[in-house]
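Engineer: I have a structure here, written as structure tokens, and I will follow up with some questions on it.
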Amino acid sequence: EAGVAQSPRYKIIEKRQSVAFWCNPISGHATLYWYQQILGQGPKLLIQFQNNGVVDDSQLPKDRFSAERLKGVDSTLKIQPAKLEDSAVYLCASSSPLNTDTQYFGPGTRLTVL
Amino acid sequence: SQQGEEDPQALSIQEGENATMNCSYKTSINNLQWYRQNSGRGLVHLILIRSNEREKHSGRLRVTLDTSKKSSSLLITASRAADTASYFCAPNFGNEKLTFGTGTRLTIIP
């Protein structure tokens with residue numbers, strides 16, 4: 001079984017630029033999560049999708065962050081415009097409807113904002 | 001806030017020794033999970049213990065749960081260099097969300 005795929009693995013941008021991250025969850029996983037992990041901290045949930053609907057986006061800074069999962073499979077997380085404090089690893093995770101307790105994480109995208 | 005807090009923040013032991021890390025939380029849980037994160041990688045699910053369980057084993061891992069004290073511990077026996085990683089506990093409070101603390105950074109010294 002293929003794992004959660006994310007791209008790119010690394011991204012360096014200037015502040016005020018835009019950036020997008022892509023995630024392909026494990027096949028059949030209905031729930032998809034985006035986390036932000038700042039250096040030295042644990043992952044913080046940004047948004048949770050169930051199929052193509054948003055379940056929880058309470059911690060998503062909606063003035064600059066957006067996410068979509070149009071066909072209920074792949075997802076894109078966008079930051080526009082980026083700030084220095086957005087430097088972090090962005091992790092995507094998914095879970096199966098047969099076992100919603102366990103999340104499977106991708107390798108993450110390391111974003112550096114200069 | 002509803003998250004687990006790991007203790008200690010950092011731990012260094014000699015290869016072959018046992019490593020114990022602890023997790024505390026504040027409200028009732030459905031289950032508690034432990035994840036491992038190697039440097040530069042995503043998190044890997046290690047073990048899940050339900051609120052009605054007191055102990056669970058998986059290979060060299062042993063997890064205990066004391067719901068009266070709202071705490072859990074993860075024991076790694078006969079540690080190896082490959083166990084060097086950050087370990088996070090994630091209490092589940094009855095929804096599909098996981099909330100992570102800052103983790104325990106474990107270093108195994110060869």
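Engineer: Which of the aspartates and glutamates could be linked to A:K62 by a straight reach, that is with a Cα gap under 19 Å, when you skip same-chain ones fewer than 8 residues away?
Structural biologist: Leaving aside aspartates and glutamates fewer than 8 places away in the same chain, those within reach of A:K62 are A:E85, A:D86.
Engineer: Could you work out the equivalent-ellipsoid semi-axes for region B:38-90, taking the square root of 5 times each eigenvalue of the Cα gyration tensor, largest first, in whole Å? Display every interim value, and only then the final one.
Structural biologist: Working: eigenvalues 96, 34, 17 Å².
They are 22, 13, 9 Å, listed largest first.
Engineer: For chain A, calculate the relative contact order in percent as a whole number, restricting contacts to Cα pairs under 8 Å that are 6 or more residues apart. Don't jump to the answer; show the numbers that get you there.
Structural biologist: Numbers: 288 pairs, mean separation 42.1, N = 114.
It comes to 37 percent, rounded to a whole number.
Engineer: Do any of A:K44/B:K70; A:K11/A:K44; A:K44/B:K56; A:K78/B:K26 go past 25 Å between their Cα atoms, and which?
Structural biologist: On the way: A:K44/B:K70 22 Å; A:K11/A:K44 20 Å; A:K44/B:K56 27 Å; A:K78/B:K26 34 Å.
In this structure, A:K44/B:K56; A:K78/B:K26 lie more than 25 Å apart at Cα.
Engineer: Where does the charge balance sit around A:V113 when Lys and Arg score +1, Asp and Glu -1, over other residues with C-beta under 10 Å from its C-beta?
Structural biologist: On the way: positive: A:K11, A:K15, A:R16, A:K83; negative: A:E14, A:E85, A:D86.
Overall, the nearby charge balance is +1.
Engineer: Which of A:L46, A:L84, A:L60 moves the most in a Gaussian network model of chain A with Cα springs under 10 Å?
Structural biologist: Most flexible of the set in this elastic network: A:L84.
Engineer: Give, as ranges by residue number, the residues of region A:96-114 whose backbone N falls under 17 Å from the point 7 Å along Cα→Cβ of A:Q17.
Structural biologist: A:109-114
Engineer: For A:R64 and B:H57, FRET efficiency with R0 = 45 Å and r from the beta-carbon atoms, rounded to 0.05?
Structural biologist: On the way: r = 45 Å, r/R0 = 1.00.
So, using R0 = 45 Å, E works out to roughly 0.50.
Engineer: If you bin every alpha carbon distance in chain B into 5 Å steps from zero, what whole percent lands in each bin?
Structural biologist: 2, 13, 25, 26, 19, 9, 4, 1, 0
Engineer: Something else about it: Between A:L84 and B:T20, what FRET efficiency comes out of the Förster formula 1/(1 + (r/R0)^6) with R0 = 35 Å and r the beta carbon distance, rounded to 0.05?
Structural biologist: On the way: r = 38 Å, r/R0 = 1.08.
E(calc), rounded to 0.05, equals 0.40.
A short reminder: the numbers here are calculations on the coordinates, not readings from a lab. Just so it is clear, the structure is predicted and the values come from calculations on it, not from any experiment. Reconstructed Cβ throughout: ideal geometry from the backbone, glycine too, with neighbour counts over all protein chains shown.
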